[in-house]
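Beneath this line is the structure, given in structure tokens, with notes to follow.
All of the numbers you see were taken from the coordinates with simple rules; none came from a lab. Because the structure is predicted, anything quoted here is derived from the model rather than measured. Here the Cβ is made from the backbone with ideal geometry for all residues, glycine too, and neighbour counts use every protein chain on show.
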Ligand SMILES: [Zn+2]
């Protein structure tokens, strides 16, 4: 399997909004959806007319990674008023009782909620996995703190700010898979329930004797299947 290498393109300029972390260590990674294209986000984060927002990183649908604010600095991505802090869904936000921007690293993902509900392209998913690892290693090296891989520390904007940002990054954002992969979980061995259309397609292949050992698959079709097994079938068909 091809191993992808990534590089981060620095895109921040003199207009990009940022502030001091005031001595706070980054403790959480917050995921966002752009609500637009990567290029619109890129121009906005570099625009003199933007005095309201920024994020540390942007991951495009093609899997490119761009950076606007240094991890050492605070981005203006998920700020809260003192009143809104107590309404946050995230325990850490209610416990810390300060502006979450001070202790978060934010990642924007190219996409529009109404089109994707936060689902990522395969390239985008792989890039954001790599970026989450990069951020954790960076923070550990710099501050000696290792951001835990769990849903208390790898968050969505909607959890920080449920009132104003209920759809950021969207209900299809793959938090569970992301955490599994970051924990060293293997997507290939992930067991999935077989969707009806796939089951029908597989049954046809067994019927037509395209795939070997139809007995095995007949049994398998009744239960569950791993991603690796699906890929195995596909490679047999290709052969
Ligand atoms: Zn957001």
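A few points about this structure:
- Shape of the range 8-185, Cα gyration tensor, a/c cut at 1.5: rounded
- Centre separation in Å (Cα based) which lies between the range 92-158 and the range 26-45: 11
- Length gained on full extension, residue 46 to residue 140: 31.0 nm, using 0.36 nm per residue less the C-alpha separation.
- Gain on full extension, evaluated as 0.36 nm per residue between residue 24 and residue 117 minus their Cα-Cα distance, stands at 30.3 nm.
- Convex hull volume per residue, computed on the Cα atoms of the range 1-108, equals 130 Å³.
- Computed extension length for residue 73-residue 198: 40.3 nm, one decimal, from 0.36 nm per residue of separation with the Cα-Cα distance subtracted.
- Inter-probe distance in nm under a simple model that places probes 7 Å from Cα toward Cβ, at residue 176 and residue 82: 4.0
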